[in-house]
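Worksheet for the structure shown next.
The values are calculated or read from the model by the stated rules, or taken from the named source; none is laboratory data. No experiment lies behind these values; they were computed from the predicted model shown. Positions of Cβ are generated from backbone atoms using ideal geometry, with glycine treated the same way; all protein chains shown enter the neighbour counts.
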């Protein structure tokens with residue numbers, strides 16, 4: 001295959017290196033992989049556990065993982081920069097203070113829906129503006145050194 005898109009997938013793999021090596025084997029020469037993963041172990045919270053994540057990634061660990069899996073990193077940027085503080089306050093601090101409780105599987109989908117839907121009004125307008133700004137930077141291939149997630153493009157070597 002010429003390309004693979006792995007959007008919020010790799011962090012769910014027990015052996016992420018083996019998984020990416022398998023993807024590498026299925027790509028044509030010069031094939032590309034496009035992926036997103038959650039950033040920073042320091043942002044680990046109950047939501048990561050509930051979602052079935054094995055890990056979060058630093059910029060360095062993600063770059064190293066792709067290199068060890070046979071890829072050459074072409075582009076690596078942080079995104080959702082504006083979510084770092086809200087994640088810290090709403091997820092990480094309650095988790096670290098022992099205030100977050102594990103969700104039942106029936107509750108996970110509802111929680112995700114609550115956290116990923118923004119109604120109309122000023123919050124939606126601000127969020128749209130922030131997302132447009134980040135998208136413009138990605139289109140211009142401007143790498144950002146931080147964010148709540150990483151976006152990576154790598155080529156098969």
- Item | Top-ranked residue of region 139-157 - restricted to ones that are more than 14 Å from the chain's Cα centre (by Cα) and closer than 13 Å to residue 34 by Cα, ranked as surrounded by the fewest Cβ atoms within 10 Å (Cβ to Cβ) | 155
- So which pairs qualify, if the first residue must be in region 63-86 and on the phi > 0 side of the Ramachandran plot and touching a residue at least 24 places away in the same chain (Cβ under 8 Å), the second must be crowded, with 18+ Cβ neighbours inside 10 Å and assigned to a strand (DSSP E or B), the Cβ gap must be under 6 Å, and the two must be at least 6 apart or on different chains? 80/149
- Message: Restricting to region 146-157, count the residues that are touching a helix residue (DSSP H, G or I) at 6+ places or on another chain (Cβ under 7 Å) and within 27 Å of residue 42 (Cβ to Cβ).
- Response: 7
- Query: Does any residue in region 1-19 that is at positive phi and without any contact (Cβ under 8 Å) to a residue 24 or more places away in the chain come within less than 7 Å, Cβ to Cβ, of a residue that is part of a strand (DSSP E or B) and crowded, with 16+ Cβ neighbours inside 10 Å six or more places away or on a different chain, and which pairs are these?
  - Reply: none
- If you take just the helices (runs of 4 or more DSSP H) that sit entirely in region 1-79, which of them hold at least 2 residues that are surrounded by fewer than 18 Cβ atoms within 10 Å (Cβ to Cβ), within 15 Å of the chain's Cα centre (by Cα) and modelled with pLDDT under 95? 46-51
- Message: Please verify whether residue 88 is in contact with a helix residue (DSSP H, G or I) (Cβ under 8 Å, 6 or more places away or on another chain), modelled with pLDDT of 95 or more, assigned to a helix (DSSP H, G or I) and within 21 Å of residue 9 (Cα to Cα), treating the condition exactly as stated.
- Response: no
- Task: Could you grab me the full set of residues in region 28-45 that are within 17 Å of residue 12 (Cβ to Cβ) and touching a strand residue (DSSP E or B) at 6+ places or on another chain (Cβ under 7 Å)?
- Result: 33, 34, 35, 36, 37, 38, 39
